[in-house]
Amino acid sequence: MGMIFVNRDRESLGQFTEQEISNALNSGKLLPDDLAWQEGMESWQPLSSFENLPHPGAAPVEIGVPERFKNLEPNRMKPGKIRFDECLTKGWECFAKNWGVCVVSTLVFFVLSLIVQLPMQFAQALLERYTGPKISGEPMLVVGLGVAFFFFWAVGSAVSAILSAGFMYFYITALRTKANIDQMFAGFRASNWIQILLAGVVWFAAIFVLALVVLAPGIYLTITTKSEIPAIVSVVILLLPIIYISVGVGFVFPLIVDRGIGFWEAITTALKTVHGNWFSAFGLLILVGLVAMSGVILCCVGILATAPLAYMIWGQGYRQLFGDPDSVRVD
């Protein structure tokens, strides 16, 4: 067999014999995730797919382990700061390489999100009809429609949260290895969906308590003083912490799916990490929003391309903030 060429993170590590590859894998100087190619292969494959390598040390190797094997680190991104130029370039490269499956996944996500919301919209329309000024509905019917509306709202919100978590995870894994549309539904795994719902409940409860504490005094002062200023001030005071915390909370769902951790650990990890990089994380969200919404200019159809590109950019920012787990394979 011919020499085997080895790459890591698009950088050549050289060419080696099968025995050298086997020895280097055994010593840890080469990694099973390193990509390799030899004459006759149609594409680059990880070294773990080379099943017929000789046993380590079975045959003597005169040159030993090459010096260039020393101090090589696994190709995994370490936690750090957001670099917008890298988010743009890496996001575009990955989107260009996987644009087909990305557009399809985005279309599937939009369609499923719409279907999930239809029962709630239908119940809301009926509720408005039977509580309108011109039509006086039966009290029990109105109560039933109200219960149905809140039921479908709760179920729809839960399913949307779980689906969104998987959708974001899809782009994170696409940046690491290869886009696989099955990853879109990773949030529905038994180990993930309960944690996602618990995280959502905690966030909703926190907003409710914060709104109650901040808005109640403002509304009371507005009623007693007959001035709208206290209510306006209380709304502004409420929005500031919500905006600040929301930047970190946006990473909670993908952390649950990506790291397989509980909702509380995901919340604390997201908030602590973003706290030291808040302005760059906020800037990333603005950039992602601008890229996604630019597709509206093309009669809204363009969003099927700009939305996945935006999520690619976001996914790279996520990797820069939180790094890659040691347990995942990264090309």
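The values are calculated or read from the model by the stated rules, or taken from the named source; none is laboratory data. Everything numeric here is computed off the predicted structure, so don't read it as measured data. Methodologically, a virtual Cβ is constructed for each residue, glycine included, from the backbone with ideal geometry; neighbour enumeration extends over all protein chains shown.
For the stretch 311-331, name all the residues that are in contact with a Leu (Cβ under 8 Å, 6 or more places away or on another chain) and modelled with pLDDT of 85 or more.
Looking only at the stretch 311-331, we keep the residues that are in contact with a Leu (Cβ under 8 Å, 6 or more places away or on another chain), and these are 312-317, 319, 322, 331.
Those that are in contact with a Leu (Cβ under 8 Å, 6 or more places away or on another chain) and modelled with pLDDT of 85 or more: M312, I313, W314, G315, Q316, G317, R319, F322.
Tell me whether the stretch 146-168 contains one or more residues that are β-branched (V, I, T) and under 13 Å from the mean Cα position of the chain (by Cα). Outline the logic, then answer.
First, pick out the residues of the stretch 146-168 that are β-branched (V, I, T): 147, 155, 159, 162.
Still in the list and also under 13 Å from the mean Cα position of the chain (by Cα): 162.
For the stretch 146-168, residues β-branched (V, I, T) and under 13 Å from the mean Cα position of the chain (by Cα): present.
Which of the residues that make up the stretch 26-77 are at pLDDT 75 or above and among the basic types (K, R)?
Passing the criteria: only K29.
Does the stretch 174-183 hold any residues that are in a helix (DSSP H, G or I) and surrounded by fewer than 22 Cβ atoms within 10 Å (Cβ to Cβ), and which are they? Walk me through how you get there before you give the answer.
If we filter the stretch 174-183 for residues that are in a helix (DSSP H, G or I), which is where we start, we get 174-176, 181-183.
Those that are in a helix (DSSP H, G or I) and surrounded by fewer than 22 Cβ atoms within 10 Å (Cβ to Cβ): R176, I181, D182, Q183.
Count, please, the residues in the stretch 261-279 that happen to be surrounded by fewer than 18 Cβ atoms within 10 Å (Cβ to Cβ) and under 10 Å from I82 (Cβ atoms).
The qualifying residues number 1.
Going residue by residue through the stretch 245-259, is there one that turns out to be without any contact (Cβ under 8 Å) to a residue 12 or more places away in the chain, in the same structural domain as G187 (by TED's automatic domain parsing), part of a helix (DSSP H, G or I) and not polar (S, T, N, Q)? Please lay out each step first, then the result.
Residues of the stretch 245-259 without any contact (Cβ under 8 Å) to a residue 12 or more places away in the chain: 246.
In the following step, the residues that additionally are in the same structural domain as G187 (by TED's automatic domain parsing) were identified as 246.
Then keep just the ones that are part of a helix (DSSP H, G or I); that gives 246.
Adding the requirement that they be not polar (S, T, N, Q) leaves none.
No: zero hits.
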